[in-house]
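Here is the structure we will look at, set down as C-alpha cells.
The values are calculated or read from the model by the stated rules, or taken from the named source; none is laboratory data. Every value quoted in this text rests on a predicted model; they were computed, and no experiment measured them. Cβ coordinates were reconstructed from backbone atoms using ideal geometry, including for glycine residues, and neighbour counts include every protein chain displayed. Keep in mind that these areas ignore ligands, DNA and RNA; they rest on the heavy atoms of the full protein, side chains included. Shrake-Rupley method; radii C 1.70, N 1.55, O 1.52, S 1.80 Å.
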Amino acid sequence: MNFNLTEEQQMLQDTATRLVRDGYSLEAREQHSRSEEGFSRAFWQQLGELGLTAVPFPEALGGFGGSGVETMLMMAEFGRGLCLEPYVQSVIYAGGLITQLGNPSQQRDWLPRVASAQWLLTVAFEEAQSHYHLNDVQTRAERDAEGWTLTGRKAVVIGGHQADLILVSARVSGESRDEHGIGLFLIDPQAVGVERRSYQTVDGHKGCDLYLSKVRVANDHVLGEPGQVLAALRYQQGRAIAAQCAEALGSMEEACRLTLDYLKTRQQFGMPIGQFQVLQHRMVDMRTELEQATSMAILAACCADQVDSTERSRTLAAAKFIVTRAARSIAEQAIQLHGAIGMTWEYALGHHAKRLVMLSHQFGDDDHHLKAYSTLLDVA
Amino acid sequence: MDIHFTAEELAFRDEVRAFLKDKLPQDIADKVRLGKHLSKADHQRWQKAQSEQGWYATHWPVAFGGTGWSAVQKHIYEEECAVVGAPRSIPFGVSMVAPVLIKFGTAQQQDHYLPRILNGEDWWCQGYSEPGAGSDLASLKTHAVRDGDHYIVNGQKTWTTLGQHANMIFCLVRTDSQAQKQRGISFLLIDMNSPGISVRPIITLDGEHEVNEVFFDNVRVPVENLVGEENHGWTCAKYLLTYERTGLAGIGVSKAALDHLKRIARLQLSEGKAMLDDPLFRAQVAEVEMQLMATEMSTLRTLAAAKDGGVPGAESSILKIKGTEIRQAISHLLRKVIGPYALPFVEEELDLDSPDEPLHADYSATLARQYFNLRKLSIFGGSNEIQKNIVSKMILEL
C-alpha cells in the first residue's frame, strides 16, 4: 500500500496546477463562460500542446498510457480552477469509447485528433425520460443500404454546442429500456437533419439539446456492434465518473479553503467568527466529508481502468454516492458559513457551490448510485 | 499510488489468519459473534494465546516484548481479529499504561509492570474521569498528598471500565492544588487491593455491569509508583489519549457487524421475503457499507502517512468520529432487522450455555441492548464533540 506519487505523476500535477493557476482566474473564467464557445479555446489547445489531452490514451494509440490516477491528478486541478473545457466528455468518455469500440481505422483516424485536442467530442446519451439510465433509449436508428438514419431527441449534451462530433446512442432494435439493441453513432452536428438548441448551464458551462430528424450516418461512423454497446457505455461512464469525482474533489478542497480562510478573517462580535464553536464544528464536518470524498476519489481512480467486474461497478457507484453527498453538504455549508457574501456572483465560492451541486446531475445523482450499489450489494 | 497491500503485507495477513484459525477458541468467537457475555476467564484465555504467539503487545517496541509491527500490520491484525470474532484486547494495560511506561517510566517500573501485562498477571483499569471531570478532564479533584515515602490519595473516579476485574489502576491525581489546571496533575499507579479503595458498580441502560465508581479513602501509594515527574502527569495523559484514539475507528469490528447484519437480514422475513430484499432496508445497508468503505480507505491513508512516524496525529480524531457513527448506524439497523423481537429483555439468553431454547433466534436477545450499549462509542475516548475541538485546533488551526 502506497499513496505516494511517482516523479512523473508529480510533474503532471505540477503542470496542471500551473496551467490552471495562470490561465484560470475567476475573471478569466467569467469571460470564457460568457463567450460564444463557453470555454477557452486557447486553454483547450494548450492542454493539447502539452499533451494533457493525450495522457489517458494507450501508448500504442499515441497516448501516454496514463491510468485513472493521472486523470485524477489533472481533474482535481481543473476542479480547483472551475475549468470549463469538456475534458471528461471529449477525452475520457468519447475518447474512451473510441478506444474501446473503434476498429483500427477509426482509432487511427480519430484518436490522434482527440488526443491532441484538435477535435472536441462529446456524448449524447441522456433523453428526456432516461433519468441517468443508459439503457433507456428511444432515439431510433434505422438501417438501409448505405448506412443508418437517426431520429429522436437527446437531452442536455454538455459541450454539444461546440463539439466537432457527437457520439449518440440510438436504438437499433427492441423497446425503450431494453439492455440489448443500443447502437453508437458518431454524428456531425452540421449534418442535414441535426438541430441544436444551445444554452448556458447553471454552473457556467454550455450545452445543448439535440434534435435528430432522419440524420444520415455512414457505416464508418458506427462505433462497435450496433445493438451491443451498452456494456461499453457503462464501462466508460465509470471512467467518466472517476474523473468527475476528482474534479469535485478539487472544487471541494477549494470551497473548504475559502471557507476556512473566511472563518479566520471575518470579524463579528469583536472576534474572528472561527472562534465560535458552532462554526468550528461545522467546518470540521466539512473537513470530514472532504476526507471521505478524497478516499473515494482515490479508490475510484485506482479501479477506473481495471477490467470490468461487479467489484469495479460497486466501487464506482460508492464513489459517486459518497462524493455527491459530500459535494452537496460542502456546497451548502460553505455558503452558510460565509453568510451573505457566499450568495454573490462576484465571489468564487458560489461558483464552486453551483458546480458541486450540478455535477450530481450528470452520470447519476446520489439516489441513482445508492440504488445501483444496493442492487450490487455483496450478500454472499 | 497503489491501494493494495504489498506481497509482504498479504503474507503477514495469511500468517495472522492461520494463527486465528488455530488458536482462537471457538466458544469465545461464538460469544462475540452472537453478542453473548464474555467472562474474565474468556478474556484471559485469549490474552494468553496471543502472548504465547508473541502477538499480544502490538504497540510495543520489540525490546520490551512487543511485535514491532508497522501501523499497517497492526491494522491488518486488528481487522482479521475482528472479522473472526476475536474479543478486542482490553486496552488499559497493553495499549494505554504500557506505552506511557515505555515512554516515561523508570527502568524499574518497566521491568516490573511490562512482563506482568504480557503474561496477564495484572489487569489494569483507567482512573481518569471523575463525577466533575468528563470532557473537561483537567478539572479533576482526586488529590495525592506526599507523606514520607508515600502519597495519600483521596477522591473518586468514575466510568471505570471493567474495574471490577482489575488489580491495578492508573490514575490522574492532583498533586498541586495551587497550580493552573493542567499543571499540578500527576500520573500514579495504584494497587486496587490497597486499603481504602472501594469499587461500586454502575449498571448501564442495557442492564450491564461494565463500568464502576472507584473511591479512594486515605489510600497510601508508594512514591515509586509515580510515573514521570510530579505535577507533569498531563503530558502522560495526552500521550496516552493519542494511543487511545488510534484504532477507535474500529473498521474491523464494523465489518464484522455489517456481515452479521447481512446474514441475519437474509434470515428475517418481511412481507414474505428477506429483509435484505426490502428495497428501503437494503438501501440503508448499502449506504452504511459505502460509508464504511470510505472510512476504511481514510484509515489506510492515515496509516500510510504515519508508517514511519508511529502514531497518527489529529487525523485519528476524524476517523474516531466517522468510525463510531458507522458502528452506531449498524447497531441501529441490527436492532431493526428483528422487528418486535428487539423488545424481550431476557437475561439468560446472553449466556452461550443457556439450556433454554432461544425465544426467537440465538442472535436476537442482544441486539437492542447492544444498540444502547454502543451509544457509549461517541462519548468515550474523548466525546465526538471533543474530537471536533481537536480537529478544529490541530488541523484547521481555528
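Among the residues that make up the range B:70-88, is at least one of them under 20 Å from B:Met168 (Cα atoms) and free of Cβ contacts under 8 Å to residues at least 24 places away in the same chain? Looking for residues that are under 20 Å from B:Met168 (Cα atoms) and free of Cβ contacts under 8 Å to residues at least 24 places away in the same chain, one finds none in the range B:70-88, hence no. Note on the range A:265-313: residues that are facing chain B (nearest Cβ under 7 Å) and free of Cβ contacts under 8 Å to residues at least 60 places away in the same chain total 12.
Within the range A:354-367, the set of residues being touching a Lys or Arg at 6+ places or on another chain (Cβ under 9 Å) and crowded, with 22+ Cβ neighbours inside 10 Å comprises A:Leu356, A:Ser360, A:Phe363, A:Gly364.
Can we say B:Arg335 is basic (Lys, Arg), within 12 Å of chain A (Cβ to nearest Cβ) and not in a loop (DSSP other than H, G, I, E, B)? No. Only residues that are over 21 Å from B:Ala256 (Cα atoms), under 22 Å from the mean Cα position of the chain (by Cα) and in contact (Cβ under 8 Å) with a residue 24 or more places away in the chain were counted in the range B:1-51, giving 5.
Is the range B:237-249 home to any residue that is free of Cβ contacts under 8 Å to residues at least 60 places away in the same chain and more than 30 Å from B:Ile318 (Cα to Cα)? No; the residues of the range B:237-249 include none that is free of Cβ contacts under 8 Å to residues at least 60 places away in the same chain and more than 30 Å from B:Ile318 (Cα to Cα).
Within the range A:83-127, restricting attention to residues that are in contact with a Lys or Arg (Cβ under 8 Å, 6 or more places away or on another chain) and of a type in the set (D, E, K, R), the residue that is surrounded by the most Cβ atoms within 10 Å (Cβ to Cβ) is A:Glu126. Quick one: in the range A:57-81, which of the residues that are touching a helix residue (DSSP H, G or I) at 6+ places or on another chain (Cβ under 8 Å) and among the aliphatic types (A, V, I, L, M) is farthest from the other protein chains (Cβ to nearest Cβ)? So the residue we want is A:Leu61.
The set of residues in the range A:204-246 being within 30 Å of A:Leu349 (Cα to Cα), out of contact with any Leu (no Cβ under 8 Å at 6 or more places or on another chain) and open to solvent by less than 10 Å² (accessible area, probe 1.4 Å) consists of A:Gly207, A:Cys208, A:Ala240, A:Ala243, A:Cys245. The combined condition, being over 24 Å from B:Ile3 (Cα atoms), open to solvent by 10 Å² or more (accessible area, probe 1.4 Å), out of contact with any helix residue (DSSP H, G or I) (no Cβ under 9 Å at 6 or more places or on another chain) and not aliphatic (A, V, I, L, M), is fulfilled by A:Gln45.
Checking each residue of the range A:243-255 against the condition of being in a helix (DSSP H, G or I), free of Cβ contacts under 8 Å to residues at least 24 places away in the same chain and either closer than 30 Å to A:Ala94 by Cα or over 18 Å from the mean Cα position of the chain (by Cα) (or both) gives no match. Considering the range B:287-322 alone, what residues qualify as being more than 9 Å from every other protein chain (Cβ to nearest Cβ) and modelled with pLDDT of 95 or more? Scanning the range B:287-322 gives B:Val288, B:Leu292.
No other residue among A:Leu370, A:Leu349, A:Leu316 is surrounded by 21 or more Cβ atoms within 10 Å (Cβ to Cβ), over 18 Å from A:Leu73 (Cα atoms) and more than 9 Å from chain B (Cβ to nearest Cβ) apart from A:Leu349. If you check every pair at least six apart or on different chains, which have Cβ atoms under 8 Å apart with a residue in the range A:1-19 that is within 13 Å of another protein chain (Cβ to nearest Cβ) first and a residue that is part of a helix (DSSP H, G or I) and small (Gly, Ala, Ser) second? Correct list of pairs: A:Met1/B:Ala304; A:Asn2/B:Ala304; A:Phe3/B:Ala304; A:Phe3/B:Ala305.
Does B:Gln284 satisfy the condition of being open to solvent by 40 Å² or more (accessible area, probe 1.4 Å) and under 22 Å from the mean Cα position of the chain (by Cα)? No, not satisfied.
The number of residues in the range B:359-398 being open to solvent by 50 Å² or more (accessible area, probe 1.4 Å) and away from chain A (no Cβ under 14 Å) comes to 9. Of the residues making up the range A:128-144, those that are open to solvent by less than 10 Å² (accessible area, probe 1.4 Å) and closer than 17 Å to A:Leu186 by Cα are A:Val137, A:Thr139, A:Ala141. Residues of the range B:137-149 that are part of a strand (DSSP E or B) and surrounded by 16 or more Cβ atoms within 10 Å (Cβ to Cβ): B:His143, B:Ala144.
Looking at this structure, is B:Leu359 part of a helix (DSSP H, G or I) and either under 30 Å from A:Ala317 (Cα atoms) or at pLDDT below 95 (or both)? Judged against the criteria, B:Leu359 is not a match.
Scanning the range B:1-30 for residues that are out of contact with any Asp or Glu (no Cβ under 9 Å at 6 or more places or on another chain) and open to solvent by 80 Å² or more (accessible area, probe 1.4 Å), which turns out nearest to the other protein chains (Cβ to nearest Cβ)? My answer is B:His4.
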